[in-house]
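First the structure, in the form of structure tokens, and then the observations on it.
The values are calculated or read from the model by the stated rules, or taken from the named source; none is laboratory data. The shown structure was predicted, so the numbers you read here are calculated from the model rather than taken from an experiment. Methodologically, a virtual Cβ is constructed for each residue, glycine included, from the backbone with ideal geometry; neighbour enumeration extends over all protein chains shown. Surface areas here come from the heavy atoms of the whole protein model, side chains and all, with no ligands, DNA or RNA. Shrake-Rupley method; radii C 1.70, N 1.55, O 1.52, S 1.80 Å.
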Amino acid sequence: MDFGFDEEDEELRGRARAWLAEHLTGPYEAARGLGGPGSEHEGVEIRRAWERELGRGGWIGQGWETGPGDAYGNRRLSLTGQVVWAEEYAAARAPARVGHIGENLLAPTLIAYGSPEQRARFLPGIARGEELWCQGYSEPGAGSDLAGIRTTAERDPADGLLRVTGQKIWTSLAQDADWCFVLARTEAGSRRHRGLSFLLVRMDQPGRVEVRPIRQMSGTSEFNEVFFDGAVAAEVVGGEGNGWTVAMGLLALERGVSTLVQQIGFAAELERVVRAYVAAGSGDPVLRERLVRQWAELRTMRWNALRTLGAAGGDPGAPSVAKLLWGGWHRRLGELAVQVRGAVATAGPGHWSPGTPYELGLDEEQRLFLFTRADTIYGGSDEIQRNIIAERVLGLPKESR
């Protein structure tokens, strides 16, 4: 496959670079680099403002495959054009996006499964950077095994509204989101993937939606528990009882051009670790070989991402393969980040005395190490990804349950 950039792409690259240079000034200059993995708590308000700035510039929703008459103020870019924008965005160290879930998960799902009225209601707010979304999938006891969810939604006989009751967990950005798309059981007595519905729920429902941050060992709290107590569901996407189809369709859309953005961030982290290795001056040949391997694997991940993006008809195993590749790679990078620094990587910022809690200084390398412990678990564990590849792509017998 020939995945290259033509003259039009390079012209777009110049315009994108110029726009970013012009707009990443003033308060946004100080926000460069904020909000990466493990640091989603940083600069939320300025990043929300930046999301609206992107919306005014038309840079949100470039790959939405909507009808020719639909217009949401966003630029329509080719696949290579989207890659160009992603590369320039990462190279400029622009703030991490707070609108990722709405733009790259919910919007394509609404385009594929939603009604015209639902698209008209929700896509403009996402394209303007004004409405933020979170994902209500995982529950205690139903994480990677999503079909085991117990959150319910029942029709209120008084007003006919669907009311959601239950708990979701590991909900990224729930503390800042305006809306949540929730997978809930709408058919009483149903089991596994049957009787589920894909619901859109407003987060601002005092007394009916409660968000509790989960403090991680890295000290940050970008994940949350969300409790629903009779919260009203504003919309059902794809019809009642069809939630599993919609939910699986969304997961298939989860890893696209954004994977390349992620990899550019990975490259910056790897470069920082390499600089630390050089500064340490140890010359350890084992660490040097591992750093070279990390570089080579990152290049391979990029080529794989480009290959799957350009594949005609899509690749059903691509999301799972991509998750397996980057999850393990990033976790190994976190290990290298502390190993190249030696014993100092385990030290806190000041003097420690007996009887007081010991805390790390949590510089970038320490945070990277701690956060990447979860890379092979969240977003679908490695075991689940391998099962998906085995059963749905290779056609092997299903795992006994």
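Can you tell which of 110, 77 is assigned to a loop (DSSP other than H, G, I, E, B) and farther than 25 Å from residue 35 by Cα?
From the options 110, 77, the qualifying one is 77.
Mind checking whether some residue in the stretch 54-74 is in a helix (DSSP H, G or I) and among the charged types (D, E, K, R)? Among the residues of the stretch 54-74, at least one is in a helix (DSSP H, G or I) and among the charged types (D, E, K, R), which makes the answer yes. The set of residues in the stretch 49-59 that are among the aliphatic types (A, V, I, L, M) and surrounded by 21 or more Cβ atoms within 10 Å (Cβ to Cβ) contains only 54.
Tell me, yes or no, whether the stretch 179-193 has at least one residue that is within 19 Å of residue 234 (Cβ to Cβ), without any contact (Cβ under 8 Å) to a residue 24 or more places away in the chain and open to solvent by less than 50 Å² (accessible area, probe 1.4 Å). Step through it out loud before you land on a result.
Taking the stretch 179-193 and keeping what is within 19 Å of residue 234 (Cβ to Cβ), we get 179-186.
Adding the requirement that they be without any contact (Cβ under 8 Å) to a residue 24 or more places away in the chain leaves none.
No, the conditions are met nowhere in the stretch 179-193.
Applying the criterion of being of a type in the set (A, V, I, L, M) and modelled with pLDDT under 80 to the residues of the stretch 1-48, the residue that is least open to solvent (accessible area, probe 1.4 Å) is 34. Within the stretch 162-205, the set of residues being aromatic (Phe, Trp, Tyr) and either out of contact with any Phe, Trp or Tyr (no Cβ under 7 Å at 6 or more places or on another chain) or assigned to a strand (DSSP E or B) (or both) comprises 179, 181, 198. Selection within the stretch 368-400: residues that are touching a Lys or Arg at 6+ places or on another chain (Cβ under 8 Å) and surrounded by fewer than 16 Cβ atoms within 10 Å (Cβ to Cβ). The member of this set that is nearest to residue 41 (Cα to Cα) is 373.
Are any residues in the stretch 368-386 in a helix (DSSP H, G or I) and touching a helix residue (DSSP H, G or I) at 6+ places or on another chain (Cβ under 9 Å), and if so, which ones? Lay out the reasoning, then the answer.
If we filter the stretch 368-386 for residues that are in a helix (DSSP H, G or I), which is where we start, we get 368-374, 382-386.
Those that are in a helix (DSSP H, G or I) and touching a helix residue (DSSP H, G or I) at 6+ places or on another chain (Cβ under 9 Å): 368, 369, 370, 371, 372, 373, 374, 382, 384, 385, 386.
Mind counting the residues in the stretch 44-66 that are free of Cβ contacts under 8 Å to residues at least 40 places away in the same chain and under 10 Å from residue 95 (Cβ atoms)? Count: 1.
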